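Please read the structure below before turning to the comments.
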Amino acid sequence: MPRRFRRVVFVVIDALRFDFAATGSSAQQSSFYSDRLPILNETLISEPEHALLLKFVADPPTMTMQRLKGLTTGSLPTFLDIKDNMAASSQIVEDNLLRQLRAQQRGVVFMGDDTWDSLYAREFTRKFAFDSFNVKDLHSVDRGVTKHLFPELQKPDWDLLIAHFLGVDHVGHTHGPSSVFMAEKLDEMNGVLKKLLQTLKEMPDGDDVLLAVLGDHGMSADGNHGGASDEETGAALFLYSKAALVATGREDDSEDAKEMKKYAERILDSSREVPQVDLVPTLALLSGLPIPFGNLGSVIPSLFFVPPTSTERGGSSALSAFQSLNRALRLNLDQVRRYLFRYSSASKLPERAYDQLERIFVDIKRIEDQLEQVQEGDTFSKADLPLLLRLHEDLAKQQHHYLREALSLGRSIWTQFDLCSMGWGMVLLAWSFFIGATSTRLVSASGEGNSWSPPLSVVVLVGGLLFFCPAGINLPLLPAAPLSRGLVAASCAGLIDMTWYLLARRQIRATRSIRSPATSGRTLFSSVSAAGVVAALIVILHALALLSNSYIVAEGNVMQFLSATTGFFLLTCAQRLTDHRSAATGAALAFIFATRLSSALEPPNIIKATATLGRTFAPLTAIAVLAVGSSVQTVKYTGHKLSLMSRLILVSSTASYLVCAIFWAASPIQVSFWRMWLPRIVYLIFLGTLVCLLVRVLRQPKYQSGNELSRHEHLLLLWQLVPAFMLVLGPTSPLSVLCLVAQCLSFSFIVTCCRSASPTTFGDITPWVLLWASCSYQAFFTSGHANTFTSLQNAAGFVGFDTFNFYIAGALLGLNTFGCFALAVLALPWLNWRQHQPQSSGVNTLLAFPAYFSLNALVSTLFVALQRRHLMVWAIFAPKFIFDGVVLLVTESLLLLLLAPFSNQESIKSHRLE
């Protein structure tokens with residue numbers, strides 16, 4: 001098909017929501033973003049044949065990298081493509097528009113968001129890439145693009161010029177759409193577009209240039225994107241050319257003009273809203289390029305319903321326009337059929353959907369045969385014109401219908417599920433959970449530590465053998481992928497050994513119970529305590545809530561209810577005490593108040609919040625006082641003196657809180673030194689403390705006493721982590737963190753009182769650890785997070801840094817998102833602070849805590865597997881599955897930091913018993 005345009009100017013305004021560009025398109029008008037791009041509406045009114053504005057609908061997930069991939073390949077994104085959004089390099093290997101241009105020795109020039117550079121680094125003739133991850137930087141990328149855009153327009157060696165502006169997206173993330181910053185940024189974009197349109201009109205070859213201004217996605221009311229709401233998927237697409245772009249019909253009274261106008265309006269009204277993948281075949285055919293092989297989009301009809309520039313006298317403009325449209329649709333249809341045929345040879349298509357496509361194709365062939373009969377060659381009688389127009393219109397509808405059905409088919413089957421690997425994953429997760437729960441029970445009942453360690457040589461040997469097994473050997477019931485097969489085999493080897501070990505321990509325990517009259521009559525129900533019943537109830541209720549998408553969406557409220565339930569149980573326990581009843585009652589009331597207050601507060605937001613006395617400096621002072629006071633009290637309780645290292649850690653901890661206060665107080669000044677180095681000081685103090693404590697543990701003699709002091713140092717590490725955690729949460733976080741600290745202190749005080757007063761009733765640490773795990777999960781939501789990717793606060797990766805570093809930004813974002821679980825893990829020694837405790841108590845604490853998160857991950861995995869074709873699977877279930885899996889990995893990894901000291905303590909006790 002002959003090309004209409006030799007050159008394309010491709011302008012991406014990141015997060016250009018449709019109502020930012022279209023006048024009166026939304027019922028909710030805002031002075032901050034409504035009618036802020038008047039140049040587009042003015043051009044549509046003054047030059048209707050030269051401009052077109054459409055709603056541009058993105059396929060979720062609406063991350064920039066996935067959208068750019070769809071805008072150049074015409075393919076659909078997959079959920080797991082999200083992992084590439086933060087990757088350092090994700091070169092596109094699929095057929096795409098840029099590769100087709102380069103294959104024809106045509107030039108491609110790029111400027112803007114460096115995501116393009118990570119996708120198409122080898123395709124550019126020239127490139128001017130700018131860092132895209134610092135969402136607090138509202139202007140650097142846009143200024144760089146503007147600086148290079150207009151000089152590049154005057155150069156003759158480009159056929160595709162890409163300019164990607166980021167300011168609108170960064171304003172949304174930083175301040176939201178309803179802010180004065182958005183109004184200023186849209187005004188700036190309007191000025192750039194006005195100058196760009198004027199430049200194109202003045203270019204000598206302006207008739208041969210097509211301008212496409214588009215948003216890759218929209219944004220939600222709080223400025224985020226990544227999900228599937230209408231605000232996040234609804235972007236704008238504006239097309240303009242100095243030459244006629246769309247047919248509107250001549251303004252005269254001739255039959256041909258009226259006929260042309262009728263059909264043109266009908267075609268235009270049918271395509272006011274188009275999927276983003278439609279842009280790929282449209283630009284390809286308009287530019288004279290082959291449509292990329294994996295494209296599933298359809299050409300935009302209104303851009304091809306255009307008659308030749310010179311229609312023969314007496315000819316029909318509408319018929320010529322239909323012939324042009326149907327040629328484009330046929331090329332598009334043939335490309336999609338080739339792709340589906342190739343795809344079906346590798347992976348079977350659903351039979352019913354494929355039969356539906358074939359029935360539509362049969363109808364298309366039938367209409368084409370009728371057209372050949374009516375119109376022999378290029379001649380036809382005037383009496384046949386109405387029939388020809390009807391047949392061409394039917395042909396266009398059927399071809400477009402075929403392409404839309406193919407797109408629907410692609411959306412329904414695009415994600416393939418490896419049921420074998422999924423099944424093994426669920427089996428291994430369930431197996432691990434039950435082993436953890438059983439070992440917790442055995443340790444608790446026997447009163448002995450758990451000294452099992454995995455047979456690493458066997459695990460590595462079995463996993464390695466199956467990993468390097470030749471691909472041609474098909475092992476039944478095992479995943480086909482070598483890595484998955486090796487991991488499954490290695491995991492099974494370790495779990496089988498652990499199961500055998502537990503069975504042996506159970507046999508030894510049974511033998512001892514027979515010999516011991518004191519334990520032989522003990523049954524399961526005889527050891528059930530009130531704490532155990534409440535803990536089991538809360539764990540089960542939370543697990544059952546994960547089976548409903550409505551409860552998953554409202555999980556923050558669910559956890560608030562469960563934490564409040566825990567608080568009232570603590571209040572009941574406090575009333576049963578004879579000693580310290582008043583203090584325990586006050587602690588329970590403090591726990592309830594902190595739980596309610598943390599849920600009522602507006603969650604911390606690192607970008608949009610500012611420091612205040614009530615939410616920043618007063619609670620920060622309170623936390624610092626609690627840190628020093630509790631550290632001194634715990635040392636006195638254990639009977640030890642503060643060592644030199646402990647005193648240095650305590651002083652540096654106080655300094656960290658002071659640095660946080662200075663940083664937030666100096667934030668409005670925007671001095672580079674304060675912004676960069678004050679947070680780094682806090683990070684370095686925490687890392688230095690961690691290194692010193694790890695060195696101390698490694699250098700400590702195997703049988704040296706140091707039980708309580710080691711626990712005290714873990715608590716010092718907790719107080720060092722708190723300021724770093726608050727820094728990445730934002731200036732309003734101290735009050736929320738103070739609530740978490742108050743919950744922790746009051747909870748641990750009541751647990752210590754109850755276990756000391758009634759060892760037989762409350763002595764088992766397991767229920768208390770499960771209750772604390774549930775409370776720590778509530779802190780995940782009150783700290784401003786949710787089980788969605790839009791809740792990730794990417795700006796946390798730039799606290800103390802102006803440039804993007806993948807590892808540093810990832811670590812800071814991880815601390816922002818999962819720091820509450822790190823604090824909960826480091827607070828575990830508080831729950832176990834008894835001078836005369838069972839030997840198993842320390843290890844049991846470590847075993848019980850991850851059991852709660854393991855059950856959550858197991859239930860989420862089972863449910864997402866069963867509901868893998870559910871409408872909400874990618875919007876709700878899959879993100880929840882990923883977050884639960886990551887939380888489980890984070891908690892278990894953090895517990896390993898405590899495992900070595902506790903293991904050393906068990907060795908000390910065993911040595912003393914000998």
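Every read-out reported here was derived from the displayed coordinates using simple, explicitly stated rules and does not represent laboratory data. These numbers come from a predicted model, not from an experiment. Counting neighbours? That spans all protein chains shown, and the Cβs are built from the backbone with ideal geometry, glycine included.
Would you mind ranking 608, 262 so that the residue whose beta carbon has the fewest other beta carbons within 10 Å leads the list?
Numbers: 608 17, 262 12.
So the residues, fewest neighbours to most, are 262, 608.
Between residue 262 and residue 548, full extension at 0.36 nm per residue minus the direct alpha carbon distance yields a gain of 98.0 nm. So what does log10 I(q)/I(0) come out to for the stretch 20-63 at q = 0.17, 0.20 Å⁻¹, using the Debye formula with one equal point on every Cα and no solvent? Ignoring solvent entirely, the Cα scatterers give -0.60, -0.76. The modelled label-to-label distance for the pair residue 621/residue 541, using points 7 Å beyond Cα in the direction of Cβ, is 3.8 nm.
The label-point distance for residue 140 and residue 434, in a model that sets each label 7 Å from Cα toward Cβ, rounds to 5.4 nm. Each of 674, 719, 116 was scored by other Cβ atoms within 10 Å of its Cβ. Arranged with the fewest first, they read 674, 116, 719.
Pairs over the 21 Å Cα-Cα cut-off, from the set 147/194; 69/194; 261/397; 262/397; 365/397; 127/185: 69/194; 127/185. Spin-label pair residue 643-residue 356: with each label point 7 Å from Cα along the Cα-Cβ axis, the two points sit 7.0 nm from one another.
For the stretch 296-416, the direction-averaged projected area of the alpha-carbon convex hull comes to 8.1 nm². Percent of C-alpha pairs per 10 Å bin in the stretch 786-833, short distances first: 24, 40, 24, 11, 1.
For the pair residue 411 and residue 47, a Förster radius of 51 Å applied to the C-beta separation gives a FRET efficiency near 0.90, rounded to the nearest 0.05.
Ordering 733-742, 318-327 by mean Cβ neighbour count within 10 Å, with the highest value first, yields 733-742, 318-327. One chain, two ends: residue 568 and residue 807. Fully extended at 0.36 nm per residue, the span grows by 81.8 nm beyond their Cα-Cα distance.
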